[in-house]
Amino acid sequence: MTQDAVACTGLAYAFGGTRAVDGLDLSVAEGEVFGLLGPNGAGKTTAIRCITTLLPVPAGMVRVFGHDTAEDRMAVRRLLGYVPQQLSADQSLTGRENVALFARVFDVPRRERAARVGQALAAVDLTDAADRLAKTYSGGMVRRLELAQALVSAPRLLILDEPTIGLDPIARTGVWEHINAVRAATGMTVLVTTHYMDEADQYCDRVGLMHHGRVRALGTPAELRQGLAARRGTTTLPTLEDVFREVAGSGLDDESGDFRDVRSTRRTAGRVG
Ligand SMILES: Nc1ncnc2c1ncn2[C@@H]1O[C@H](COP(=O)(O)OP(=O)(O)OP(=O)(O)O)[C@@H](O)[C@H]1O
């Protein structure tokens, strides 16, 4: 039997009176690409921060490959690579220096470091640009550099928070192609948040639609779309966006913001610096 890469049970996290995550149950199977979708404020980033151990788990339980994040934080951290929503590459360093920094932080053995940094850069197609300053990179290249940073420790679980936000369609496809190539080569599990329904439909094995701190619908994109078609009694297959709209309801258009309204604040959409 394969072990769950991530298992959240009754996970709850509040910021003062705001229940950001409110009894989240979630299982991500080893080897799958799982998409956590939801409108702004649904609780995706907070849940991810609990899974990565960056936030404590005040209520409920989170296990990563069987390790309880509350009891075995370092074991969990050694298993995962994390690309946060915020810019994590240092623009005053070269691509290679950025990845080497992560190799040191994640304790890649000194003897293997140079080779592993080179492999991580090659995996995201940045070998030729490796010795240029990151501030000369395009938005898509910066995102791929951040992917290399997360991959250098050879994680069993890669967690990406909005990996393609603010990128043009070609750069978005490039990021996904590199994620998929690494996953095919290593069997790594991928947990990703996105607002882009088309990407979730195309690249995720299963998705969880999160709203007000909980997963409200779960399945493969095809299952969710077919389920809505059956409820509507139509033969035309609805989109994942239609499913999402049904789950999140009218809240999408007022306080939560439309899930297509990505409101990118990343500074990587154009050039950095
Ligand atoms: N540091 C914080 N302090 C106070 N409230 C916060 C903080 N971080 C998040 N929240 C609140 O918690 C709720 C969930 O936020 P979270 O960032 O987890 O949602 P999200 O689904 O990741 O949204 P987005 O898609 O916009 O990134 C929101 O109501 C948000 O305003």
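With a Förster radius of 22 Å, plug the Cβ-Cβ distance of T18 and R73 into 1/(1 + (r/R0)^6) and report the FRET value to the nearest 0.05.
The formula returns an efficiency of 0.35 here.
For the chain, would you read off the P(r) tail past 27 Å as a percentage of all alpha carbon pairs?
Value for the chain: 39 percent of Cα pairs lie more than 27 Å apart.
Within the chain, which is the longest segment containing none of the GluC sites (Glu not before Pro) that sit in a DSSP loop and have at most 12 other Cβ atoms within 10 Å?
Between the exposed loop sites, the longest stretch runs 72-254.
Going by how many other beta carbons lie within 10 Å of each one, how would you line up D242, D168, fewest first?
Ascending number of Cβ neighbours within 10 Å: D168, D242.
Would you calculate, for the chain, the mean residue ellipticity at 222 nm contributed by helices, counting each DSSP H stretch of 4 or more residues as -39,500 (n - 2.57) and dividing by all residues, to the nearest 500?
My calculation for the chain gives -11000 deg cm²/dmol from helical runs alone.
From Cα pairs below 8 angstrom and at least 6 apart in sequence, can you work out the relative contact order of segment 1-89, rounded to a whole percent?
Result for segment 1-89 is 30 percent.
What is the magnitude of the charge dipole of segment 76-204 about its Cα centre, with +1 placed on the Cβ of each Lys and Arg, -1 on the Cβ of each Asp and Glu, and no other charges, expressed in debye to the nearest 20?
Its charge dipole is roughly 680 debye.
At a Förster distance of 45 Å, what's the computed FRET efficiency of D90 paired with A222, Cβ-Cβ distance as r, to 0.05?
Step by step, r from the Cβ atoms, then E = 0.65.
As a footprinting exposure proxy, order L54, L26 by other Cβ within 10 Å, with the fewest listed first.
Going from sparsest to densest Cβ surroundings: L54, L26.
Given segment 164-250 reduced to its alpha-carbon atoms as identical point scatterers, what log10 I(q)/I(0) does the Debye formula return at q = 0.17, 0.19, 0.23, 0.24 Å⁻¹?
For the requested q values the scattering log ratios are -0.79, -0.93, -1.16, -1.21.
For R231 and D125, compute 0.36 nm times the residue count separating them, minus their Cα-Cα distance, and round to one decimal in nm.
Taking 0.36 nm per residue and subtracting the Cα distance, the gain is 33.7 nm.
For the residue pair L101 and N40, what label-to-label distance in nm results when each label sits 7 Å from Cα along the Cα-to-beta-carbon direction?
Modelled inter-label distance: 2.9 nm.
I'd like to know which of I51, T69, T189 lies farthest towards the positive end of the charge dipole of segment 4-253, counting +1 on Cβ of Lys and Arg and -1 on Cβ of Asp and Glu.
T69
Suppose every K and R has +1 on its Cβ and every D and E has -1 on its Cβ; what is the size of the dipole of the chain about the Cα centre, in Debye to the nearest 20? Let's see the in-between values first.
On the way: 32 positive and 33 negative charges, 153 e Å.
My answer is approximately 740 debye.
Can you tell which of V124, V247, V21 shows the greatest fluctuation in a Gaussian network model of the chain with Cα springs below 10 Å?
With Cα springs under 10 Å in the chain, the top fluctuation among V124, V247, V21 is at V247.
List the relative contact order of segment 98-215 as a percent without decimals, with contacts defined as Cα pairs under 8 Å and 6+ residues apart.
24
At what distance in angstrom do the alpha carbon centres of segment 33-87 and segment 102-130 lie from each other?
24
For D72, enumerate residues with amide H under 5 Å from its amide H, sequence gap 5+ or separate chain, H modeled in the peptide plane.
none
We did not get these values from a lab; they are worked out from the coordinates using the rules stated. Just so you know, these numbers come straight off a predicted model, no measurement behind them. No Cβ is skipped: glycine too gets one built from the backbone with ideal geometry, and neighbour counts run over all protein chains shown.
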